[in-house]
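The values are calculated or read from the model by the stated rules, or taken from the named source; none is laboratory data. It should be emphasised that the depicted structure is a prediction, and the values quoted were computed from it without experimental measurement. So basically every Cβ, Gly included, is an ideal-geometry build from the backbone, and we count neighbours across all protein chains shown. Keep in mind that these areas ignore ligands, DNA and RNA; they rest on the heavy atoms of the full protein, side chains included. Shrake-Rupley method; radii C 1.70, N 1.55, O 1.52, S 1.80 Å.
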Amino acid sequence: MSSVASKAHPLFSSLPLFLTWRTLCFRTICSGRLGFATSDTDPPVAGTKVLDSFKEEFEIGSRMITLETGKIARFANGAVVLGMDETKVLSTVTSSKGDAVRDFLPLTVDYQEKQFAQGVIPNTFMRREGAPKERELLCGRIIDRPIRPLFPAGFYHEVQVMASVLSSDGKQDPDVMAANATSTALMLSDIPWGGPIGVIRIGRICGQFVVNPTMDELSLSDLNLVYACTKDKTLMIDVQAREISEKDLEAGLRLAHPEAVKYLEPQIRLAAKAGKQKKEYKLSMISDRTLENVSNLAEASIEAVFTDPSYGKFERGEALDKITQEVKKTLEEECDEESLQVLPKAVDTVRKKVVRKRIITEGFRVDGRRLDQVRPIYCEAGNLPILHGSSLFSRGDTQVLCTVTLGAPGDAQRLESLVGPPTKRFMLHYSFPPFSINEVGKRMGLNRREVGHGTLAEKALLAVLPPEDDFPYTVRLNSEVMASDGSTSMATVCGGSMALLDAGIPLREHVAGVSVGLVSEIDPSTGEIKDYRIVTDILGLEDHLGDMDFKIAGTRKGVTAIQLDIKPAGIPLDIICESLEHALKGRLQILDHMDREISAPRTQDDRNSPRLATLKYSNDTLRRLIGPLGALKRKIEEETGARISISDGTLTILAKNQSVMEKVQEKIDFIIGREIEVGGIYKGIVTSVKEYGAFVEFNGGQQGLLHISELSHGPVSRVSDVVSVGQQLSLMCIGTDVRGNIKLSLKATSPRLESDKRKVVEGSVPVQKEATHVWASIEDVSHEQKQESPLSKNNTSGVNHYNSSIPTVLIRSVAECDEEEKSSGLSRSSKSGLKPTAAPKCDVREKKVPSQDDEVLSLFNIPNSFSSSKPKIPKSFLEKGRKKASNSTFKFKDGDEDRCSTSQTDTHDKLSDEETKVESLMTTKNLKLGTKVNAKVYQIRAHGLVLDLGGGIRGMYRFEGNGKDNFEVGNELLVECSSFTGKGIPVMSLVDEE
């Protein structure tokens, strides 16, 4: 014990021997107390238990697989850990000990994925896993469906299977591994079971089948096939595909069978080494005497009911119940207690015998149809016009109501599974209420059957949805079963396809589904099928009394989803492949009815059609929109009813209709604004009224001046006669003054200038119209959506930056300018000139682009206090400018009429050694070092000139010596860009003309 003390307290090692705990007969410190030892000798060391574990290793599809038992969960009836790469799954089986007093097999399969398998703590409040997720329920069904038929008839003891993922590397889907581990655990247990089974996954990439594909390979595959079988028979098939043909699907099934069989031999070897002796369980079997007695009493009456096609589902059920009650009375009179105990099971066996015999011998079914005949179909699309999409589909007595709801990308479902995508943007929710079968029941939580049926229909429709890049909506499809008489999941596929088209979603193809059944005759001596019939579009009764329920959904081109459930202990693969052709014929009949009802995406009206807009902003701008703790964002959503989602640089708006979308965008514009353009029309609120005009707040809090001269076309004596504080106005930006203040005009938006207003770009509309994509229909694209935004042409980064100084001058390096010219199609040849197009006559105030005079003046060290009056242009220069209008763009003012014109010819100026192009339409894109341009003297300062380079760009020219007297305002100069200042102002130098 001294060694223990030394480890806990290193200083104890320096104590004298007589002070140590062993000498003082002390034990150790425990809960702050000291205890006396009873002996001077240490207790004996406990023995080490050796775990007897058994292991099998084998390879399938280039994957090494291990089966291990005896190391974990030793008390379970059977326990196996199956490993593939770094993924390990534990499966255990147990059974009840008492006698079974029931007439069914209470098999429970629980599959669980805990977050510790990937080293993650759950993100829940309790930091624990909650109720089973949809994926866990679906994986449980993958395990349940192939193992259930192999339990012996009459075995009604409770059996529980629990599968859990111990570790996951994210490469392999654990569901197939859990199914094989469960088969091995049942083989090791003492539970009677007719296994083993093998379960395999097959993918197809670029036409090549892949065995045991990884999750990355599955994302590239057009086929996800899960196949379960015994040595010679098929037990279960589950398929998700992208319109794979029946021929290719058959090839995949025939490849999957021998690969799945490879799992069987290792399970048999492991069971031989570590398995338990199978226990003798009491089986609840019906005696031959009881079955013969009930058959004699009820067979004739049951056959009369089943041969009368006039019976409906409930009428037939009532007639069969009446027959059962009559047999019961007879047995009570005979005091046959043994037969009374198993009467329901015996009557059901007689029913099964009668139905199957008539189908095989006569080829007719319970409702009088031929074997390959589909029930009468009724289709109706758009039956609930207020919704985004709706449909009603009926096939016989089965009826399903489907509705579609469109949402924003942020409404996608978040998935917390170990493998697979993190979100799901298409959700199909299937609901089976009790009234659909005229029963009383409670609505509980997630139901395993509802989840399975809904997922099957979801996989069938997912193959034809447009890609996310073309269709950014989140889609929720609800399927409500109104009446059930078999194949409600396939009716959901049909109704869902019509509802999606009614919502305007451009599906590639219509999808329909049909369920195919099988009635077989077994040879009692060998147990092999000696005769069989394939039945198309089975009823609920035929599903119950038949051998299989083979659900197949797809388009005219191929299969998109399959789910096969069987009742006997396997069906030959040849019969399964033959059923594919029968399903195709039935599917084509249903597709014809659906095409006649709706065959193309429906065009929605503005009243009910949702609108989705995706806008790009800087992150700083988005932070202003969100507000403190998201207050501004929530306020907009509450006031408008729209949904707003924000991600990195992206703002997504989902509105119920166009009017709501416009209201939302108007509020957003007022908070964060948009890039102001000359000629743009904006809504603003008057904040103050002065003698010379009014100040207006608009575009996200920016201030503009509405001068008294811009209030009306007529004379205005007082500003307050026209506008007042708090009044909302629609104004046009006509430019900025020399100080950078925004100038607004009210008269420019009056009806008198209505013809001119068509020529200007509405400032707040282009981005909205470009970004608002309405996916109601391929054809339903409004003229507004087809217009290209002028703002998007100039905004190369995809992010709108808002500045009060308009426009901003973008200065680039020579390399960036060359790259920009290549992308914009500008010719860099020195001999090729631009071909300017004639500009329409327009108001100078509408086309004038404001300057950056403040920044230019700061270069000359001149205070910003000069007069803002516009220099007067001499008449001589006016005439000279008109003659040289072919080289550059000028603005003239003659009387009260403003005009602007552009050249129609190309001009080349020869300069010294080479012929160089003179830019006629100057923009921030084509301004670079060495660019020559005809400029005008805008203002004369003490140290240089302020030059108007055209296109709203101002440059500077520094005087050399005392050259101030050589220039006048309005002079035209040929200048060359020689450098740029730190603030991006171009510095020009004179070019001598020869």
Scan (1) small (Gly, Ala, Ser); (2) within 17 Å of residue 196 (Cβ to Cβ); (3) part of a loop (DSSP other than H, G, I, E, B) for the single condition residue 284 breaks and write down its number. (2)
In the stretch 683-717, which residues are open to solvent by 60 Å² or more (accessible area, probe 1.4 Å) and in contact (Cβ under 8 Å) with a residue 24 or more places away in the chain? 683, 685, 690, 691, 692, 703, 707, 713
How many of the residues making up the stretch 507-522 are without any contact (Cβ under 8 Å) to a residue 60 or more places away in the chain and surrounded by 24 or more Cβ atoms within 10 Å (Cβ to Cβ)? 3
Tell me which residues, restricted to the stretch 149-163, are crowded, with 18+ Cβ neighbours inside 10 Å, out of contact with any Pro (no Cβ under 7 Å at 6 or more places or on another chain) and under 30 Å from residue 213 (Cα atoms). 150, 161, 162, 163
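Considering only the stretch 294-314, I want to know if a residue exists there that is closer than 30 Å to residue 182 by Cα and hydroxyl-bearing (Ser, Thr, Tyr).
Keep residues of the stretch 294-314 that are closer than 30 Å to residue 182 by Cα, which gives none.
No: the stretch 294-314 contains no residue that is closer than 30 Å to residue 182 by Cα and hydroxyl-bearing (Ser, Thr, Tyr).
Would the stretch 387-400 turn up any residue that is under 30 Å from residue 169 (Cα atoms) and either touching a Lys or Arg at 6+ places or on another chain (Cβ under 9 Å) or of a type in the set (Asp, Glu) (or both)? Spell out how you get there, then give the answer.
Of all residues in the stretch 387-400, those under 30 Å from residue 169 (Cα atoms) come to none.
Checking the stretch 387-400: not a single residue is under 30 Å from residue 169 (Cα atoms) and either touching a Lys or Arg at 6+ places or on another chain (Cβ under 9 Å) or of a type in the set (Asp, Glu) (or both).
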Out of all the residues in the stretch 303-326, is one or more closer than 23 Å to residue 518 by Cβ and outside any helix (DSSP H, G or I)? yes
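When the residues of the stretch 51-102 are filtered to those that are open to solvent by less than 50 Å² (accessible area, probe 1.4 Å) and among the hydroxyl-bearing types (Ser, Thr, Tyr), which remaining residue is nearest to residue 278 (Cα to Cα)? Working first, answer last.
Of the stretch 51-102, the ones open to solvent by less than 50 Å² (accessible area, probe 1.4 Å) are 56, 58, 60-61, 63, 65-70, 73, 76-84, 87, 89-93, 95-96, 98, 100.
Imposing the further condition that a residue be among the hydroxyl-bearing types (Ser, Thr, Tyr) reduces the set to 66, 69, 87, 91-92, 95-96.
Details: 66: 24, 69: 17, 87: 30, 91: 19, 92: 16, 95: 12, 96: 14 Å.
By that ranking, first place goes to 95.
For residue 602, state whether it is touching a residue at least 40 places away in the same chain (Cβ under 8 Å), out of contact with any Cys (no Cβ under 8 Å at 6 or more places or on another chain) and open to solvent by less than 20 Å² (accessible area, probe 1.4 Å). Steps first, answer last, please.
Working: touching a residue at least 40 places away in the same chain (Cβ under 8 Å): yes; out of contact with any Cys (no Cβ under 8 Å at 6 or more places or on another chain): yes; open to solvent by less than 20 Å² (accessible area, probe 1.4 Å): no.
So residue 602 fails the test.
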For the stretch 320-347, give me the residue count where each residue is within 19 Å of residue 437 (Cβ to Cβ), open to solvent by 20 Å² or more (accessible area, probe 1.4 Å) and in contact (Cβ under 8 Å) with a residue 12 or more places away in the chain. 2
Exactly one of (1) over 30 Å from residue 548 (Cα atoms); (2) touching a strand residue (DSSP E or B) at 6+ places or on another chain (Cβ under 9 Å); (3) in a loop (DSSP other than H, G, I, E, B) is unmet by residue 385. Its number? (2)
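Might you check whether a residue that is in a helix (DSSP H, G or I), in contact with a Ser or Thr (Cβ under 9 Å, 6 or more places away or on another chain) and touching a residue at least 12 places away in the same chain (Cβ under 8 Å) occurs anywhere in the stretch 162-175? Write out each step before concluding.
As a first pass, look at the stretch 162-175 and keep what is in a helix (DSSP H, G or I): 174-175.
Then drop every residue that is not in contact with a Ser or Thr (Cβ under 9 Å, 6 or more places away or on another chain), which leaves 174.
From the residues that got through so far, the ones that are touching a residue at least 12 places away in the same chain (Cβ under 8 Å) too are 174.
Scanning the stretch 162-175, I find at least one residue that is in a helix (DSSP H, G or I), in contact with a Ser or Thr (Cβ under 9 Å, 6 or more places away or on another chain) and touching a residue at least 12 places away in the same chain (Cβ under 8 Å), so the answer is yes.
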Looking only at the stretch 481-502, and only at residues there that are of a type in the set (A, V, I, L, M) and not in a strand (DSSP E or B), the one that is farthest from residue 454 (Cα to Cα): 501
Right, residue 504: surrounded by 21 or more Cβ atoms within 10 Å (Cβ to Cβ), within 30 Å of residue 647 (Cβ to Cβ) and without any contact (Cβ under 8 Å) to a residue 40 or more places away in the chain or not? no
Let me spell it out: the conditions are (1) of a type in the set (A, V, I, L, M); (2) surrounded by fewer than 16 Cβ atoms within 10 Å (Cβ to Cβ); (3) over 25 Å from the mean Cα position of the chain (by Cα); (4) not in a helix (DSSP H, G or I), and residue 678 meets all of them except one. Which number is the exception? (2)
Is it the case that some residue within the stretch 349-365 is among the basic types (Lys, Arg), part of a helix (DSSP H, G or I), surrounded by 12 or more Cβ atoms within 10 Å (Cβ to Cβ) and within 47 Å of the chain's Cα centre (by Cα)? yes
Would you check if there is a residue in the stretch 265-284 being under 30 Å from residue 437 (Cβ atoms) and either open to solvent by less than 90 Å² (accessible area, probe 1.4 Å) or of a type outside the set (Val, Ile, Thr) (or both)? yes
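Among the residues of the stretch 194-211, is there at least one that is under 29 Å from the mean Cα position of the chain (by Cα), open to solvent by less than 10 Å² (accessible area, probe 1.4 Å), under 17 Å from residue 77 (Cβ atoms) and in contact (Cβ under 8 Å) with a residue 24 or more places away in the chain?
Initially, the stretch 194-211 is screened for residues under 29 Å from the mean Cα position of the chain (by Cα), giving 200-211.
Next, only the ones that are open to solvent by less than 10 Å² (accessible area, probe 1.4 Å) stay: 200, 202-203.
Subsequent filtering for residues that are under 17 Å from residue 77 (Cβ atoms) retains none.
No, that holds for no residue.
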Looking at the stretch 459-490, which of its residues are in contact with a helix residue (DSSP H, G or I) (Cβ under 7 Å, 6 or more places away or on another chain), open to solvent by 20 Å² or more (accessible area, probe 1.4 Å) and hydrophobic (A, V, I, L, M, F, W, C)? 482, 483
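For the structure I just gave you, tell me whether residue 242 is of a type outside the set (A, V, I, L, M, F, W, C), over 22 Å from residue 518 (Cβ atoms) and surrounded by 15 or more Cβ atoms within 10 Å (Cβ to Cβ). Explain how you work it out, then say what you get.
Numbers: of a type outside the set (A, V, I, L, M, F, W, C): yes; over 22 Å from residue 518 (Cβ atoms): yes; surrounded by 15 or more Cβ atoms within 10 Å (Cβ to Cβ): yes.
Against the criterion (of a type outside the set (A, V, I, L, M, F, W, C), over 22 Å from residue 518 (Cβ atoms) and surrounded by 15 or more Cβ atoms within 10 Å (Cβ to Cβ)), residue 242 qualifies.
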Odd one out for residue 494 among (1) open to solvent by 20 Å² or more (accessible area, probe 1.4 Å); (2) within 30 Å of residue 314 (Cα to Cα): (1)
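Name the single residue that is farthest from the chain's Cα centre (by Cα) among those in the stretch 229-247 being more than 30 Å from residue 184 (Cβ to Cβ) and in contact (Cβ under 8 Å) with a residue 60 or more places away in the chain.
Within the stretch 229-247, the first condition is being more than 30 Å from residue 184 (Cβ to Cβ), and the residues that meet it are 242-247.
Checking which are in contact (Cβ under 8 Å) with a residue 60 or more places away in the chain leaves us with 242-246.
Working: 242: 17, 243: 20, 244: 23, 245: 26, 246: 29 Å.
Among residues in the stretch 229-247 that are more than 30 Å from residue 184 (Cβ to Cβ) and in contact (Cβ under 8 Å) with a residue 60 or more places away in the chain, the one farthest from the chain's Cα centre (by Cα) is 246.
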